[in-house]
Amino acid sequence: MNLERLFSRRTKVMRPSEIRELLKLTQQPDIISFAGGLPNPDAFPIDEIQDITRRVLEEKGKLALQYGPTEGIRSLRETLANRCRKDGMDASSDNVLITTGSQQGLDVIGRIFLDPGDTIIVELPTYLGAINAFRAYEVNFEGIPLDKDGMRIDLLEDKIEDLKKKGITPKFIYVVPTFQNPAGVVMPESRRRKLVDIANEHDLLIIEDDPYGKLIYEGDFVRPIKSFDDEGRVIYLSTFSKILSPGFRLAWIVADEEIIRKLSIGKQALDLCSNTFAQYIANEFIESGYLDLHIMRIIEMYRPKRDRMMESIKKYFPEDTICHKPRGGMFAWVTLPGDIDTEEMFLDAIKEKVAYIHGKAFHVDGGGASSMRLNFSYSSEELIEEGIKRLGKVIERKLKEAK
Ligand code: PMP
Ligand code: G9A
């Protein structure tokens, strides 16, 4: 059988995700993993979920175990719309679509907006899972570098003008503006407003992906880009994965009603509806006040882990390493001195039983060779220090070899 002939064009451009591939390796108990964006399992609210599950089965079992609407159960959509309004977004339950993780949200956005050959704009670096989701729709990527305040809006404007001269209008700009994955940076309000102005001027959509916005260790909450949107151009995504449990596979999209209708048709073909049982539990978890308490608890748990990672990087990595302390989220972004290629260095790191994701995985332009993403939420503080110490040794060896 000639599979190459049988596979679609789309399948030929798909690539495996480094994060997903590494998950198998890093689940080995003796590896210290800074690779995946995993919550700390010690924080999972198992007792509360147990209580709520019993209650949901007793009170709503016949609904919770049934198929549900594609858009999601009404009560959860309402609860999430209320929370979004508190964050400054103008949303009702009709603006909310429940998805099977934000990963599905990204795919279904690609499904309804992207044709082969379309151009989309992303950050350099950006979330690998978004690159893979959009790549399957055979699009061209244009990357805009970040600085400490997120996407460089001046370069974005230049890029849009350049593309215009070539007769190209991008479909959308995909951003992770708050505690960015992988770089950890936050886009300030002024840039958010400017981004919306640019989208209005050039008739573009903005895809605002926000899994980490509530994991704030210092500083103020920054309003979502969606809260500055008067024209329905911003499609906002968030997820229960980092604030409750990724095993629930539940997330939500907030968008203009017409967009929600089309997304919902796109989703019908993917899974009919997201896990109804989990939706009832998640709604009850929020309504009982547990979610806000849980977020406070994980913030207190992750802040010292972040601090330990920063202190350890200072102690064990070369002096001219670049790493800014993230004010929230789950990741530290590190750029090493010299010509170290972090993809090549990975095998040496694995020999020392420590894992990370190399920087190139997050770049659509082949950049990021000397950078790496380190997750600090998953490991204990002791293992964070030990893992960074081991990585420090690997880096030192690489630098010596290069001399
Ligand atoms: N977007 C970003 C920026 C992420 O970091 C992640 C998970 N790491 C996702 C989307 C997907 O999350 P999930 O499917 O678990 O909701
Ligand atoms: O396990 C995954 O694929 C979700 C995590 C995403 C990430 O590490 O960025």
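Give the long-range amide H neighbours of I357: residues separated by 5 or more places, or on another chain, with amide H under 5 Å away, using H modelled in the peptide plane at 1.01 Å from N.
Placed amide hydrogens put R373 under 5 Å from I357.
Carbon and sulfur atoms: what percent of the 1.4 Å accessible area of the chain do they account for?
Ligands and nucleic acids excluded, carbon and sulfur reach 49 percent.
Not counting ligands, DNA or RNA, and with a 1.4 Å probe, what is W252's accessible surface area in Å² rounded to the nearest 10?
Around 20 Å² of this residue is reachable by solvent.
Per residue, how large is the accessible surface of the range 46-290? Use a 1.4 angstrom probe and give square angstrom.
Roughly 40 Å² per residue, with all protein chains present.
Which value, in Å² rounded to 10, gives the accessible area of D154 with a 1.4 Å probe and all protein chains present?
My reading of the accessible area for D154 is about 70 Å².
At 222 nm, what value in deg cm²/dmol follows for the chain if DSSP H runs of at least 4 each add -39500 (n - 2.57) and the sum is divided by all its residues, to the nearest 500?
On the way: 14 runs with 184 residues, N = 403.
Dividing the helical sum by the residues of the chain leaves -14500 deg cm²/dmol.
Using only alpha carbon pairs under 8 Å that are at least six residues apart, calculate the relative contact order of the range 306-371 and give it in whole percent. Let's see the in-between values first.
Numbers: 64 pairs, mean separation 17.2, N = 66.
Worked out over the range 306-371, it gives 26 percent.
R0 = 30 Å: FRET efficiency of Y67 with D42, Cβ-based, nearest 0.05? Walk me through the numbers before you get to the answer.
Working: r = 34 Å, r/R0 = 1.14.
Here the calculated transfer efficiency is 0.30.
For N200 paired with D271, estimate the spin-label separation in nm (one decimal), with each label point 7 Å from Cα along the Cα-to-Cβ line.
3.6
With contacts defined as alpha carbon pairs under 8 Å and 6 or more residues apart, what's the relative contact order of the chain in percent?
Normalised by residue count, the contact order of the chain is 23 percent.
Add +1 for every Lys or Arg and -1 for every Asp or Glu among the other residues with Cβ under 14 Å from the Cβ of C273, and state the total. Mind showing how you got there, number by number?
On the way: positive: R74, R77, R249, K267; negative: E71, D271.
Charge balance in the 14 Å sphere: +2.
In this model, which of K166/K262; K171/K267; K148/K262 are farther than 24 Å apart at the alpha-carbon?
K166/K262; K148/K262
If amide hydrogens are placed 1.01 Å from N in the peptide plane, which non-local residues have theirs closer than 5 Å to the one on T119?
For T119, the qualifying residues are N140, K171.
Express in nm, to one decimal, how much length is gained between K351 and N2 on full extension, taking 0.36 nm for each residue of separation and deducting their alpha carbon distance.
Residue separation times 0.36 nm, minus the Cα-Cα distance, leaves 121.8 nm.
Taking the Cβ of R261 as the center, what net charge do the other residues with Cβ under 15 Å away carry, scoring Lys and Arg +1 and Asp and Glu -1?
Within the 15 Å Cβ shell, the charges total -1.
Taking every pair of distinct Cα atoms and averaging 1/r, then inverting, what Kirkwood hydrodynamic radius in Å comes out for the chain? Don't skip to the end; give the middle numbers.
On the way: mean 1/r = 0.0454 Å⁻¹.
It is 22.0 Å.
With the crude spin-label approximation of a point 7 Å out along Cα→Cβ, what separation in nm comes out for E311 versus I295?
Calculated label separation equals 2.8 nm.
Under 11 Å from the Cβ of E284, count the other residues' Cβ atoms, weight Lys and Arg +1, Asp and Glu -1, and hand me the total.
Summing Lys/Arg as +1 and Asp/Glu as -1 gives -1.
Need the list of lysines near K400 for cross-linking: C-alpha distance under 26 angstrom, and skip anything on the same chain fewer than eight residues off.
Within the straight-line limit of under 26 Å, K400 reaches these lysines: K314, K315, K351, K353, K360, K389.
Please give every one of the aspartates and glutamates within straight-line cross-link reach of K403, meaning a C-alpha to C-alpha distance under 12 Å, and leave out same-chain neighbours fewer than 8 residues apart.
Here the aspartates and glutamates satisfying the reach criterion relative to K403 are D339.
Hey, which lysines would be in cross-link range of K242, C-alpha to C-alpha under 19 Å, not counting anything within fewer than 8 residues on its own chain?
Correct list for K242: K214, K305.
The values are calculated or read from the model by the stated rules, or taken from the named source; none is laboratory data. Every value quoted in this text rests on a predicted model; they were computed, and no experiment measured them. Cβ coordinates were reconstructed from backbone atoms using ideal geometry, including for glycine residues, and neighbour counts include every protein chain displayed. We work out accessible area using only protein heavy atoms, side chains counted, and drop any ligands, DNA or RNA first. Shrake-Rupley method; radii C 1.70, N 1.55, O 1.52, S 1.80 Å.
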